[in-house]
Amino acid sequence: MISCPTTMNKPSQTTQEQPWLYTISAKQNALSLNLKEIWRYRDLLMLFVKRDVVTVYKQTILGPFWYLIQPLFTALTFTLIFNNVANISTGTIPPFLFNLAGISIWNYFKTCLTGTSDTFKANEGIFSKVYFPRVILPLSLVFSNLVKFGIQLFIFVGFYVFYVVKGTAVSPNSTLVLFPVIVVLMGLLGLGLGMIISSLVTKYRDLKYLVTFGVQLLMYTSAVMYPLALMREKLPQYAWLVEYNPVAYIVEYSRYMLLSVGDFSWYGLGFTATVTFVILIVGLLIFNRTERSFIDTV
Amino acid sequence: MIILKAENISKQYRLGLVGTGTLSDDLKRWWYRVRGKEDPFLKIGDTNDRSTKGDSDYVWALQDINFEVQQGEVLGIIGKNGAGKSTLLKILSRVTAPTTGEIKTRGRIASLLEVGTGFHPELTGRENIYLNGAILGMTKAEIKEKEDEIIAFSGCERYVDTPVKRYSSGMRVRLAFAVAAFLEPDILVIDEVLAVGDAEFQKKAIGKMQDISQGEGRTVLFVSHNMESIQQLCTRAIVLKNGFITFDGEVNQAIHTYLDNDQNEKNIKGFPLILKDIKIKSFEIQNSNGDNVSSFILGMPYRFTLNLINGQTSKIINIRLQFFDTKENLITTFNTFFTNNQQLINPQEEVIATCSINKFSLGPGDYKIGIQIIDLKLMTTLFDEENFELVSVVNGDFYNSGKIPVKKNLGKVFIDTSWDFKKMESDKII
């Protein structure tokens, strides 16, 4: 085997020194979110999204249909329990459609939140070996869940058409143009909360348990299986629990847009957007701080 | 051009369990920071010595690391387990941040810390090439351009559209190394990847790394326990010990320093050694620079020095330096009797006996040096110790040809040989 010569070809000595490309140091500006770097890694983001979407149901017989089965059966169960047994009124809207809309949008939030809150722990293996902007992973989750949400929305549209053909009076309204805004808010809220939790969970595992049942409790205060108005009417002293919950507004408004049921106010939308952006920014800051050395504590 | 510069890098770790104590320390830290004071825990902490019991809950895995790397240089980083090598690489590859200090760089760093991270078992080989390449920092277009080369290099053509979970572990490593080998960062960080794969693939991997460093002029930082690959690849090496840099410079010397770090702990001997009517004041092995060593590089010159102080009677002494292998077989003896160097020494006289060898010619491995001192006047053995010192020999360029012998062709002993070829006239051939 040939060994390499002990003297290397000396690099040409340039008199003027090139500037440093970047610096790895102990202290870093908390606000330096390197957007340029994230853009450079955009292919990785897309590959992660593809991986998440494609691999979930590999080696299953029903394949992507699993994305549809979950919300359908949950909506069916909700309809039986909450509408038929517990008699929650959904007005003129078929309860099944009402629940399907609520569950689809709630699921999107839930998967974003639980997915991102596990970022550091679940990807410890890669994170401890290679550097790439850590925020790529939670971002990819938001996108891949968006794809799943899209598929679920598709089935919703299917049932929608079915009910229209049957002659049921359902119709969207003009605020539907804001539906993408609602979806983006939902994703960002899940992302922001998830990033805060994932950063803290690297050190304090307690939060992991909190998330599991916290998300369940949150669903009950998020107007998923009942209209917002019903809460105000039946439990006025606890209505604030729902009224201060941005997720409840998102669920309620998306139903309003799709089915013209419930109510809508610009004030509520503004409140939700503000809370979302505050949480997102706090989340990014904490995440940014944590990503630099979480591997020592995780 | 200096492509990378590390300034005062230190890294502190907390020992023990992360529990309720963590929160109180964190709060204390936060409280100090709020008041604009320095982190109180940075002042404490033990040096990183794995085998001793420390007093502090905090330990310094690295302390005040300073070095510079020139463009195109292949820098080896060697050290024992726990010396801080991996921590240094983790900081270099931005997996974790240093506690103090900073690293400045003029190029993109990509690391090859452990191949195969980020492989998804359900995806096919081809899909994983893309995913892994992107994780390592390549864009989709870059990977597409090299896809065929990567597949060819890995030698897994047949399985490339099969999920990776069906691969053998060797095939996974091949594929992963292939992806990483075609990365084109300015600075490549490699940790012990050559320990995997079969012999054929290892050879291929070393060849590829030589191409990367020599042909393409890329800067490489290479961590390994394998002194041979360090010798083959590196142009400079630094030695880490307990979180400090103990040596920075020429490769062979670095290997010496590293091996001696190890040996010195085993051979602690109190000199002078008092024997029957004679004292051994010191025994030293020196390399060509005059440094004391306790390991050898094949083909290099060495000098053995034995410093004796005689007692009351005059003697004719005969010194034998013996080399035993680990199975106690006597391999060779340097004997003053056969070279007619027996020496008369007077009472109270001090002598320094020096034995020089031009080319160390015992093959790589561990040896024991034994010392015998015999008084030929009275025919008595003054000293006989077979386990005087444990030494090791590493592979080297014995024939000064720029080539290091391959393991399987090594043998146990090297003899300086010369070859000659004579071409016969064609009409003389029958």
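The values are calculated or read from the model by the stated rules, or taken from the named source; none is laboratory data. It should be emphasised that the depicted structure is a prediction, and the values quoted were computed from it without experimental measurement. Neighbour counts are summed over all protein chains in view; Cβ atoms, including those assigned to glycine, are modelled from backbone coordinates with ideal geometry.
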Q: Within the stretch B:101-108, identify whether any single residue is in the same structural domain as B:Arg236 (by TED's automatic domain parsing) and at pLDDT below 85, and answer yes or no.
A: yes
Q: Could you list all residues from the stretch B:71-92 that are outside any strand (DSSP E or B) and either free of Cβ contacts under 8 Å to residues at least 60 places away in the same chain or more than 7 Å from chain A (Cβ to nearest Cβ) (or both)?
A: B:Lys80, B:Asn81, B:Gly82, B:Ala83, B:Gly84, B:Lys85, B:Ser86, B:Thr87, B:Leu88, B:Leu89, B:Lys90, B:Leu92
Q) Within the stretch A:110-145, can you find the residues that are of a type outside the set (A, V, I, L, M), within 14 Å of another protein chain (Cβ to nearest Cβ) and assigned to a helix (DSSP H, G or I)? A) A:Phe120, A:Lys121, A:Glu124, A:Gly125, A:Phe127, A:Ser140, A:Ser144
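Here's the yes/no breakdown for (1) surrounded by 21 or more Cβ atoms within 10 Å (Cβ to Cβ); (2) small (Gly, Ala, Ser):
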| site | (1), (2) |
| --- | --- |
| A:Ile151 | no, no |
| A:Gly167 | no, yes |
| A:Val177 | no, no |
| A:Gly187 | yes, yes |
| A:Leu191 | yes, no |
Q.
Which count do you get for residues in the stretch A:264-298 that are in a helix (DSSP H, G or I), within 14 Å of chain B (Cβ to nearest Cβ) and surrounded by fewer than 19 Cβ atoms within 10 Å (Cβ to Cβ)?
A. 3
Q: Tell me, please, whether a residue that is surrounded by fewer than 18 Cβ atoms within 10 Å (Cβ to Cβ) and touching a residue at least 12 places away in the same chain (Cβ under 8 Å) can be found in the stretch A:247-263.
A: yes
Q. Within the stretch B:217-255, restricting attention to residues that are free of Cβ contacts under 8 Å to residues at least 40 places away in the same chain and assigned to a strand (DSSP E or B), which residue is surrounded by the most Cβ atoms within 10 Å (Cβ to Cβ)?
A. B:Phe247
Q) If you go through the stretch A:109-158, how many residues are at pLDDT 85 or above, aliphatic (A, V, I, L, M) and within 17 Å of B:Gly118 (Cβ to Cβ)? A) 5
Q: Please give the number of the condition B:Val196 fails out of (1) over 30 Å from A:Val56 (Cβ atoms); (2) modelled with pLDDT of 75 or more; (3) aliphatic (A, V, I, L, M).
A: (2)
Q: Hey, could you check the stretch B:284-316 for residues that are among the charged types (D, E, K, R) and not in a loop (DSSP other than H, G, I, E, B) and say which is farthest from B:Gly365 (Cα to Cα)?
A: B:Lys315
Q: For the stretch B:327-405, please list each of the strands (runs of 3 or more DSSP E) lying entirely inside it that holds at least 3 residues being in contact with a Leu (Cβ under 8 Å, 6 or more places away or on another chain).
A: B:330-335, B:350-357, B:365-375, B:380-394
Q: Go through the stretch B:345-360 and give me each residue that's under 17 Å from B:Phe398 (Cα atoms), surrounded by 13 or more Cβ atoms within 10 Å (Cβ to Cβ) and not charged (D, E, K, R).
A: B:Ile357, B:Phe360
Q. Which number in (1) modelled with pLDDT of 85 or more; (2) facing another protein chain (nearest Cβ under 9 Å) marks the one condition that B:Val95 misses?
A. (1)
Q. Of all residues in the stretch A:131-167 being in contact with a Gly (Cβ under 7 Å, 6 or more places away or on another chain) and of a type in the set (A, V, I, L, M, F, W, C), which is nearest to A:Arg51 (Cα to Cα)?
A. A:Leu141
Q.
Just checking, does the stretch B:386-402 include any residue being surrounded by fewer than 16 Cβ atoms within 10 Å (Cβ to Cβ) and over 23 Å from the mean Cα position of the chain (by Cα)?
A. yes
Q: Answer with yes or no whether B:Lys80 is surrounded by fewer than 19 Cβ atoms within 10 Å (Cβ to Cβ), farther than 13 Å from B:Val189 by Cα and modelled with pLDDT under 85.
A: yes
Q: With respect to A:Gly91, determine if the residue is touching a residue at least 60 places away in the same chain (Cβ under 8 Å) and either within 12 Å of chain B (Cβ to nearest Cβ) or in a helix (DSSP H, G or I) (or both).
A: no
Q) Just checking, which of B:Glu102, B:Glu68 is at negative phi, within 26 Å of the chain's Cα centre (by Cα), among the charged types (D, E, K, R) and more than 8 Å from chain A (Cβ to nearest Cβ)? A) B:Glu68
**Q.** Conditions (1) touching a residue at least 60 places away in the same chain (Cβ under 8 Å); (2) surrounded by 14 or more Cβ atoms within 10 Å (Cβ to Cβ); number of the one not met by A:Ser171
**A.** (2)
Q: Pull up the stretch A:36-45, narrow it to residues that are free of Cβ contacts under 8 Å to residues at least 12 places away in the same chain and surrounded by 15 or more Cβ atoms within 10 Å (Cβ to Cβ), then point me to the one that is nearest to A:Gln152 (Cα to Cα).
A: A:Asp43
Q) Given (1) away from every other protein chain (no Cβ under 14 Å); (2) of a type in the set (A, V, I, L, M); (3) within 32 Å of the chain's Cα centre (by Cα), where does B:Ala110 come up short, assuming only one miss? A) (1)
Q: Would you check if there is a residue in the stretch B:314-323 being in the same structural domain as B:Lys368 (by TED's automatic domain parsing), in contact (Cβ under 8 Å) with a residue 24 or more places away in the chain and touching a Pro at 6+ places or on another chain (Cβ under 8 Å)?
A: yes
